[in-house]
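Since the structure comes first, as structure tokens, the remarks are kept for the end.
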Amino acid sequence: MHEIDCPPFLEVLFYLLSIILSFAMIGWLLLWLSLWKPFIVPVGVLIGFIAFGVMIVYSFFRLIQGLFPERKRGCRVCSLLREVMEIDLPGM
């Protein structure tokens, strides 16, 4: 385990790069879509929008979880309740 609770630099770089490339690909799809007739959207473009949108959301949440590990620990009341529940009761 590292001394600090930060993710490796290459992991952060990978998630940032995937977010930037996904936005670039959505822009490219919008440019390509502007060449088509109005109200006719190819199925591949819709699948591309959905896929790159999901990639942006996934990368964003993984980046937030890695950079801010305190958020995934939860509230103090929840962690205290979890510790109380882990105590073994005598006689069981």
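Any read-out appearing in this document is the output of simple, stated calculations on the displayed coordinates, not a laboratory observation. Because the structure is predicted, anything quoted here is derived from the model rather than measured. Don't worry about glycine lacking a Cβ; one is built from the backbone with ideal geometry, like all the others, and counts go over all protein chains shown.
Here segment 1-70 is treated as a sphere whose radius is the Kirkwood value from Cα pairs; by Stokes-Einstein at 25 °C and 0.890 mPa s it diffuses with a coefficient of 178 µm²/s.
Spin-label model, LEU10/LEU67: points 7 Å from Cα along the beta carbon direction are separated by 2.1 nm.
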